[in-house]
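Just below is one structure, and these are the notes that go with it.
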Amino acid sequence: MKRKIINYMSRRNLFKFGATAVGAGLVATKLEIHPFDVPAASAKRTLTPDLAIAELLQGNQRFSTHKMKQPNRGAFRLREIASGQKPFASILGCSDSRVPAEMVFDQGLGDLFVVRVAGNVATPEQIGSLEYGTLVLGTKVIIVLGHERCGAVQAAIENKPVPGKIGSILDRIQPVVIASRNQTGDLLKATTIANIKNQISIVKSSPVITDLIKNGNLKIIGGFYDLDTGIVTQVA
Ligand SMILES: [Zn+2]
């Protein structure tokens, strides 16, 4: 019941609810006592979803053309955000060491709320993190970022026995592998793009996320990172 109430609350109301609930002697939820709740005093991130997307793509253009600004990485920024964060974008990206979000989008400390897992799969924990990043911290865009020659997608296609818990990740990619078998051409790329789209639809199963989208406070897009050029292309 409590979860349902929180699901349908706006971010502002969530803070109010926290104060009211504590005042009324109710059990406080985990969200309102989290230290991340305090926004940076000098945060000036009042971007719209479209401007947030533009900011990301411009950053990637700087990166891929070797004209990085490397913003927000100095001592001032460190102090500025020490007491609270107000990132403008959330990333659900692959753990691949060649695709570090802050670098490929040329951003700095406190700019991105990054969730990384092999194969950029949306598990309940990843979705919960994205809900936190958007609803509580106020990020304006979620980009599900897959990439060229992804080892997790390749392993899902090969579908061989794997040790430990690796299979739990591959299981989450499998549905699109089966669907991609009829594709002609580059099966790995086609499956990677199908996986990006599938993970977007899984993230959208969250009422918290869909409410933010419906109210114009959030957009969710897909991106495909080219390992050779460093360019992120939007996935339609
Ligand atoms: Zn990968």
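The values are calculated or read from the model by the stated rules, or taken from the named source; none is laboratory data. Just so we're clear, the structure is a prediction, and the values are computed from it rather than from any experiment. Neighbour counts run over all protein chains shown; Cβ positions are idealised from the backbone, glycine included. Accessible surface is based on the protein model in full, side chains and every heavy atom, while ligands, DNA and RNA are left aside. Shrake-Rupley method; radii C 1.70, N 1.55, O 1.52, S 1.80 Å.
Give the number of residues within region 58-81 that are surrounded by 13 or more Cβ atoms within 10 Å (Cβ to Cβ) and among the small types (Gly, Ala, Ser). Of the residues in that region, 2 qualify.
Across region 146-162, a minimum of one residue is classified as more than 16 Å from the ligand (Cβ to nearest atom), loosely packed, with under 15 Cβ neighbours inside 10 Å and at positive phi.
When ILE143, ILE169 are checked against the criterion of being farther than 19 Å from ASP211 by Cα and either touching a Ser or Thr at 6+ places or on another chain (Cβ under 8 Å) or within 16 Å of the ligand (Cβ to nearest atom) (or both), a single residue qualifies: ILE169. What number goes with the only condition from (1) away from the ligand (no atom under 16 Å from the Cβ); (2) open to solvent by less than 30 Å² (accessible area, probe 1.4 Å) that GLU55 does not pass? Condition not satisfied by GLU55: (2). Of all residue pairs spaced 6 or more apart or on separate chains, those with beta-carbon atoms under 6 Å, a first member in region 70-86 that is without any contact (Cβ under 8 Å) to a residue 60 or more places away in the chain and outside any helix (DSSP H, G or I) and a second member that is aliphatic (A, V, I, L, M) and surrounded by fewer than 13 Cβ atoms within 10 Å (Cβ to Cβ) are SER83/VAL38; GLY84/VAL38.
Within the span defined as region 165-176, every residue fails to be outside any helix (DSSP H, G or I), assigned by TED's automatic domain parsing to the domain that holds SER90 and over 19 Å from GLU125 (Cβ atoms). You will find that of ILE178, ILE127, the residue that is more than 16 Å from the ligand (Cβ to nearest atom), more than 28 Å from SER64 (Cβ to Cβ) and open to solvent by 30 Å² or more (accessible area, probe 1.4 Å) is ILE178 and no other. In region 177-204, the qualifying residues are those that are out of contact with any helix residue (DSSP H, G or I) (no Cβ under 8 Å at 6 or more places or on another chain) and of a type in the set (Ser, Thr, Tyr), and the one that is farthest from GLU148 (Cα to Cα) is SER201.
Report whether or not ARG98 is in contact with a strand residue (DSSP E or B) (Cβ under 9 Å, 6 or more places away or on another chain), over 20 Å from ILE200 (Cα atoms) and within 14 Å of the ligand (Cβ to nearest atom). Yes: the conditions hold for ARG98. Scanning region 180-234 for residues that are within 24 Å of TYR132 (Cα to Cα), β-branched (Val, Ile, Thr) and in contact with a Phe, Trp or Tyr (Cβ under 8 Å, 6 or more places away or on another chain) yields one hit, ILE196.
Whenever a residue of region 115-132 is among the acidic types (Asp, Glu), its partners that are in a helix (DSSP H, G or I), lying with C-beta atoms within less than 7 angstrom and at least six residues away or across chains, give the pairs GLU131/VAL208; GLU131/ILE209. If the condition is being closer than 19 Å to GLY138 by Cα, assigned to a loop (DSSP other than H, G, I, E, B) and open to solvent by less than 20 Å² (accessible area, probe 1.4 Å), then region 97-109 contributes PHE105, GLN107, GLY108.
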